[in-house]
Every structure is written in structure tokens, then in C-alpha cells.
Amino acid sequence: DQQVKQNSPSLSVQEGRISILNCDYTNSMFDYFLWYKKYPAEGPTFLISISSIKDKNEDGRFTVFLNKSAKHLSLHIVPSQPGDSAVYFCAASARQQGGKLIFGQGTELSVKP
Amino acid sequence: DTGVSQDPRHKITKRGQNVTFRCDPISEHNRLYWYRQTLGQGPEFLTYFQNEAQLEKSRLLSDRFSAERPKGSFSTLEIQRTEQGDSAMYLCASSYRDSGSGANVLTFGAGSRLTVL
């Protein structure tokens, strides 16, 4: 069963505009949610995380929003830059499950100059 | 420390051969994870270690797969009698706790790509 879902395989945005990447989950036991970025031929790189007791966390151009009642989170990138073009993965973990991350399928973001 | 190192970066083998991948985690991280990633999918959990103890194995880890972390430092993932379906990127990660959110953050290596002919 797919506990973490990213329903948009790709997203194209103009440079300088906002990129919004979405993620849905089904397991209400998840305590933490994370976003990773992946360039070709590299491993995923951690971007930002949020605890389930928060609804927003911001780090520079990146903000993650969590809506627990809807079991939905999103990553906002403002302003988008061409170097942000990569595959973005949403991931979740539950403390009782040893901290392992369950990943979504990824969304490929393309930021056009 | 240069991060998580994986070796080899790419392995091409014939069906039925055995392969072994090595992972050197960040030295101060005591948890080590193995994941598998195929095209168009996110990383899938295989197994993880706390120091030298293997604490969980996914049902994806068939009996042809074995992972070890003998001294709680580096780890190896061996696949015996490889099949074409084993072709994937094998990712290793070690983890730390994020001081802000408290999340268990995995730091990944660049991966070992396996191609089984």
C-alpha cells in the first residue's frame, strides 16, 4: 500500500514564480514529514522537515505546510530558480517504526528561465 | 567527514552472479539504512541497523539479500543469484536528529547502480 503519495509526476514553473509541490499520506501515526531533492546521478538531499505538531515550517525560500485533518502537506518554493529543477520527494516517518522514511513517488520540477 | 560513501557506483553483472555493495556512513551516525530505487519511483526501504544490530528488514528483502554491519561502522549489502528484477539503484543512508523539528533525517550516499543482464 502506498502510504505516501505524490500525485503529480511533473511540474513546470517560470523562474521567479512560486512552485507548489503536494503530498498526501494515509498513516495517521506519522510523526514527521520531510522533503528531499534529487539531482540525476546523486542521492536524495534533505531540504526541510516538519513535526506533526506544527502546521508550518520555513527555511529561506522553502516553506512546508502541514494539514493533518486532510493528511496533506505541501512544499512552497518562492521565488523559484532554474537551479531548483530536480525531482522532489516527500517522506514521512513514525517514531515507533525506527525512524525509517517512507517516500512518495516524486515530482519532477522544471523551472524555466 | 565527506558524507556517506558507497562503492561501487555502478555494477554490471550477469544473471545468477553474486554482487556486494559497501557503504561507509558518517562516522558519528549510529543508524544506517539501505533503500532501493527504481525508475520513476521513490526510494523503498530495505533494512536498517542501529550500531551492529539489524533491527528491521522489509519484505522486499528476499532470502537472496543479506546485509551486515559487523563492527557498527561500514555496512555491506550482498545479493546472491542476481535476477534482472534486481536492477535498481541501491542507496545507503545514515541518520541524525534534526535539532529544529526533531525528525530523524537521513543523509544519503550517491548510490550504487546495479544492472543485471
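No value in this document is a laboratory result; all are computed from the given coordinates. Computed from a prediction, not measured in an experiment: that's the story for all the values here. All Cβ positions, glycine included, derive from the backbone under ideal geometry; neighbour counts span all protein chains shown.
Computed quantities for the displayed model
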| item | result |
| --- | --- |
| The range B:53-62 - residue that is among the small types (Gly, Ala, Ser) and not in a strand (DSSP E or B) and, of those, nearest to the other protein chains (Cβ to nearest Cβ) | B:SER58 |
| Residue count for the range B:6-50, restricted to those that are closer than 24 Å to A:GLY106 by Cβ, surrounded by fewer than 15 Cβ atoms within 10 Å (Cβ to Cβ) and touching a residue at least 40 places away in the same chain (Cβ under 8 Å) | 3 |
| Subset of the range B:66-117 (residues that are more than 16 Å from the chain's Cα centre (by Cα), assigned to a loop (DSSP other than H, G, I, E, B) and at the interface with chain A (Cβ under 8 Å from one of its Cβ atoms)) | B:ASP98, B:GLY100, B:SER101, B:GLY102, B:ALA103 |
| Subset tally (residues that are touching a residue at least 40 places away in the same chain (Cβ under 8 Å) and crowded, with 17+ Cβ neighbours inside 10 Å) for the range B:88-109 | 13 |
| Selected residue (criterion: nearest to the other protein chains (Cβ to nearest Cβ)) from residues of the range A:72-85 that are in a strand (DSSP E or B) and either over 14 Å from A:PHE30 (Cβ atoms) or among the aromatic types (Phe, Trp, Tyr) (or both) | A:LEU75 |
| Residue among A:ASP84, A:ASP31 that is closer than 26 Å to B:SER58 by Cα, surrounded by 13 or more Cβ atoms within 10 Å (Cβ to Cβ) and charged (D, E, K, R) | A:ASP31 |
| Candidate set: the range B:23-52, residues that are within 11 Å of another protein chain (Cβ to nearest Cβ) and assigned to a loop (DSSP other than H, G, I, E, B); chosen: the one nearest to B:THR76 (Cα to Cα) | B:PRO43 |
| Residue within the range A:97-108 that is at the interface with chain B (Cβ under 10 Å from one of its Cβ atoms), among the hydrophobic types (A, V, I, L, M, F, W, C), in contact with a Pro (Cβ under 9 Å, 6 or more places away or on another chain) and in a strand (DSSP E or B) present | yes |
| Those residues of the range A:49-71 which are assigned to a strand (DSSP E or B) and touching a Phe, Trp or Tyr at 6+ places or on another chain (Cβ under 8 Å), in sequence order | A:SER49, A:ILE50, A:SER51, A:LYS56, A:PHE62, A:VAL64, A:LEU66 |
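One line per residue, one yes/no per condition, for (1) farther than 23 Å from B:TYR35 by Cβ; (2) aromatic (Phe, Trp, Tyr); (3) in contact with a strand residue (DSSP E or B) (Cβ under 8 Å, 6 or more places away or on another chain):
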{"position": "A:LEU34", "(1), (2), (3)": "no, no, yes"}
{"position": "A:TYR39", "(1), (2), (3)": "no, yes, yes"}
{"position": "A:SER49", "(1), (2), (3)": "no, no, yes"}
{"position": "A:THR63", "(1), (2), (3)": "yes, no, yes"}
{"position": "A:VAL78", "(1), (2), (3)": "yes, no, yes"}
{"position": "A:CYS90", "(1), (2), (3)": "no, no, yes"}
{"position": "A:GLY98", "(1), (2), (3)": "no, no, yes"}
{"position": "A:GLN105", "(1), (2), (3)": "no, no, yes"}
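Conditions (1) within 16 Å of A:GLN97 (Cα to Cα); (2) out of contact with any Gly (no Cβ under 6 Å at 6 or more places or on another chain), marked per residue:
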site: B:ASP24; (1), (2): no, yes
site: B:LEU32; (1), (2): yes, yes
site: B:PHE65; (1), (2): no, yes
site: B:LEU77; (1), (2): no, yes
site: B:GLU83; (1), (2): no, yes
site: B:CYS92; (1), (2): no, no
